[in-house]
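Colleague: Sharing a structure here in structure tokens format.
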Amino acid sequence: MKIRTGWFIRAVFAAALLATGSAWAQKPGGVLKIQHMDTPPSASIHEEATVSVAVPFMGVYNNLVLFDQHVAKNSLESIVPDLATKWAWSADGKQLVFTLRQGVKWHDGKPFTAKDVQCTFELLLGEGKLRRNPRAAWYSNVEKVTATGDFEATFQLKERQPALLALLASGYTPIYPCHIPSADMRRKPIGTGPYKLAEFKMNESIRLVKNPDYWKPGRPYLDGIEYTIIADRSTRMLSFASGKFDMTFPTDLTVPLWKNMMKDAPHVKCTMRDTAVSTNLIVNREVPPFDDPKIRRALALTLDRKAFIDILSEGESSLGGVMLPPPSGVWGMPPEMLKTIVGYDDVPANREKARELMKEAGYGPDKRLKVKVSTRNIATFRDPATILIDHLKHIYVDGELEVIDTSIYYNRVFKKDYSVALNLSGTAVDDPDVGFFEGYACGSLRNYNGYCNPEMTKLFEEQSREPDQKKRLKMVWEIDRKLQEDIARPIIYHGRAAGCWQPYVKGVVLHSNSIYNGTRFEDVWLDK
């Protein structure tokens, strides 16, 4: 067994920094007031697929391991212990053993044990045990998880999977209690985290309070966190700039809004970063006439990606395939490769090809295709959807915008209750084992448009097993290229966004290559 010890060195270094004199500056107490853009569909992280859930409820839970909350860029090197104190791989890479922390209690006072780890993964691995299981594809290589003692849990894998630890470190992988039914976790979740849920009011607020029995001494500093739901983004910006809130939602500011904030409230702290969220086109392949590949290809060819980027982010967003482009992303195709992919270059020529395809499918100037373009009812979805509708007009398609509330949007796309949709898809961990399996593997719940190519799934599995990272990178580029040319789910652009906070809010580190893993907020404190 190979034992991971790098976390220990980082912990000693962090302790040394505290010993130099910074520790006493942190003031306990106070309630952090954060804006939220819409009502989360539930509090059950394992059953949802939106940052609207991950951000406010990550502080309720713990993971086995976690991306270091003080390090902005997630990587295998930044993974630290959480409910596990150490871990070890078997020589063949097919077994991962975690030694668990003792003395941890659930919010209701019951003790945490390895059985809870086993129960959590029985939910994730067992078909039909959760209302929905958006990330089941993450764990398709896990044979079983067993409690091999009260404080030892063992993952048995079908094949070697070096990236598994990164999946376990995501904010999307909390440990659930055995003794609480999964249905109860949607409105009254019980965790081991630094905060307990006090109140969850639809369309109003989410209120967390300090867990006085948290296993980490001295944490959290805050007495609580209040997320206030404000649907209108202009109202959110004005109320934050005027000082009514301590923090914006961590991804709320587009590039233009961020620039305005810097002008209107230059005293506030902000960070603009890549979000690991792609804006993409999803098309229901099972509904006529979109079961015709000619029409799907035409829809992809009419996209002017640069226009989206210029209009929405003043040129700041990035072109890419499935994986987050460099330099923020590790696995994204290089620009010179991206330019060779059909649809990424000559927009006028692409649209001419698209019109030819539409005519072959029976449409043209005298017979236009009418379609509802569905999207989620928040600005980051609505704004690009209106641009998409304009682009569709170039190929004899008349789109009508259909906005859908967050509480039902994901139910609709999970059930494929749409024809054409402008969607945003977050990749919670910058690794192909998330990007490929979750979005493109046959049968994955988050494979919203039903793309299924068994040969591609085999390639996904091959890259996952590859221990040589340079060789794996070349495999990933080729897979990504094939997915784009196959019109699996046309990626329009990869977004950037900012979060802002008042200068008296200390200890905030918003992660730079994923918006899903950095809102534990146990180290945040208020200097006022």
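All of the numbers you see were taken from the coordinates with simple rules; none came from a lab. Keep in mind that what you see is a predicted model, and the values were worked out from it rather than measured. Virtual Cβ from ideal backbone geometry, glycine too; neighbours counted across all protein chains shown.
Colleague: Going by amide H atoms built from the backbone, whose H comes under 5 Å of the H on residue 253, apart from near neighbours?
Modeller: Those qualifying (amide H under 5 Å, at least 5 residues apart or on another chain) are 498.
Colleague: Next question, about the same structure. May I ask for the distance between the Cα centers of the range 261-338 and the range 43-68, given as a whole number of Å?
Modeller: 24
Colleague: With both partners inside the range 275-496, how many of the DSSP beta bridges are antiparallel, as a percent to the nearest 5?
Modeller: 55
Colleague: What trypsin sites (Lys or Arg not before Pro) does the range 365-416 have in DSSP loop regions with at most 13 other beta carbons within 10 Å?
Modeller: Counting only loop positions with at most 13 other Cβ atoms within 10 Å, the trypsin sites (Lys or Arg not before Pro) in the range 365-416 are 415.
Colleague: Determine the sum of side-chain charges near residue 363: Lys and Arg each +1, Asp and Glu each -1, restricted to other residues whose C-beta is under 12 angstrom from that of residue 363.
Modeller: Around residue 363, the charge tally is +1.
Colleague: Quick one: if the Förster radius is 45 Å, what FRET efficiency do residue 474 and residue 407 give, using the C-beta to C-beta distance and rounding to 0.05?
Modeller: Efficiency at R0 = 45 Å is approximately 0.60.
Colleague: While we're looking at this one, here's another question. Name the residues of the range 455-473 whose amide N is less than 19 Å from a point 7 angstrom out from the Cα of residue 90 along the C-beta direction?
Modeller: Backbone N within reach: 465-467.
Colleague: Return the percentage of antiparallel bridges among DSSP beta bridges fully within the chain, rounded to the nearest 5 %.
Modeller: Roughly 75 percent of the DSSP beta bridges within the chain come out antiparallel.
Colleague: Can you compute the modelled spin-label distance between residue 291 and residue 115, with each label point 7 Å from Cα toward Cβ, in nm?
Modeller: Result for the modelled spin labels: 5.0 nm.
Colleague: What nm distance separates the two modelled labels at residue 485 and residue 228, each placed 7 Å from Cα along Cα→Cβ?
Modeller: Roughly 5.3 nm, to one decimal.
Colleague: Another one. At each listed q (0.10, 0.13 Å⁻¹), what is the log10 of I(q)/I(0) that the Debye formula gives for the chain modelled as equal alpha-carbon point scatterers?
Modeller: Treating every Cα as an identical point scatterer, log10 I(q)/I(0) equals -0.80, -1.36.
Colleague: Counting only pairs 8 or more residues apart or on different chains, how many lysine pairs in the range 315-417 have their Cα atoms under 17 Å apart?
Modeller: Lysine pairs, 8 or more places apart or on different chains, close enough: 9.
Colleague: Find how much the distance from residue 442 to residue 244 grows on full extension, using 0.36 nm per residue of separation minus their present alpha carbon separation; answer in nm with one decimal.
Modeller: Here the answer is 66.6 nm.
Colleague: Which residue, 381, 513, 435, has the largest displacement toward the positive end of the dipole of the chain when charges sit on each Cβ (Lys, Arg +1; Asp, Glu -1)?
Modeller: 513
Colleague: Taking the Cα centre of the chain as the origin, how large is its charge dipole in debye, to the nearest 20, when only Lys and Arg (+1) and Asp and Glu (-1) carry charge on their Cβ atoms?
Modeller: Value, rounded to 20: 580 debye.
Colleague: If each of residue 377 and residue 216 carries a label point 7 Å out from its Cα toward its Cβ, how far apart are those two points in nm?
Modeller: 3.7
Colleague: Could you list log10 I(q)/I(0) for the range 212-275 at q = 0.21 Å⁻¹, which the Debye formula gives when each Cα is one point scatterer?
Modeller: One equal scatterer on each Cα of the range 212-275 leads to -0.89.
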